[in-house]
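Worksheet: one structure, shown below.
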Amino acid sequence: MENNEQFNDPTMTTSAETFEPTSNEKAFAILAYFGILWLIGLIKDPEKDSPYVKNHVNNGIILCIAGVASSVICGLLSFIVIGAILAPIVGIALTVFAIIGIVKAAQNQTYKLPLVGDKFTLIK
């Protein structure tokens, strides 16, 4: 296979595909990383059908669930030192992932979260 043919293969996926979204799609993709605001991109017509918005909404949902789960787990472990150590580490990691997602959305690219992006697809 020649080098230029491999980029035309529809079966190949990349972790950062570039799209030309509308301004609304771009706004909803960016908002998906701010807590529960991913709901806007999930319910707003016609943007909810865009694969670009779906990708970022999926990431926003995963980050939101991870944030709630880490808060509960670290809260339960707070009576021992592990919870106090884990909470800021997980919080910083989730914030970094959200910032990377916002930057990718602003650059019109899709983004898969590290570690879980390939394993969990909540919005298809």
*Considering only lysines 8 or more places apart in sequence, or on different chains, count the pairs in the range 21-118 whose C-alpha atoms sit under 15 Å apart.*
8
_Peptide ranges 40-53, 68-81 listed from the most packed, as the mean C-beta count within 10 angstrom indicates_ = 40-53, 68-81
*asked:* I want to verify the translational diffusion coefficient of the range 20-106 in µm²/s; compute it with Stokes-Einstein, Rh as the Kirkwood radius over Cα pairs, at 20 °C and 1.002 mPa s.
replied: 158 µm²/s
_Just to check I understand the Karplus step: with θ = phi - 60° and J = 6.51 cos²θ - 1.76 cosθ + 1.60, what whole-Hz values come out for the range 49-54, glycine and proline as x?_
8, 6, x, 5, 5, 4
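No value in this document is a laboratory result; all are computed from the given coordinates. Just so you know, these numbers come straight off a predicted model, no measurement behind them. Reconstructed Cβ throughout: ideal geometry from the backbone, glycine too, with neighbour counts over all protein chains shown.
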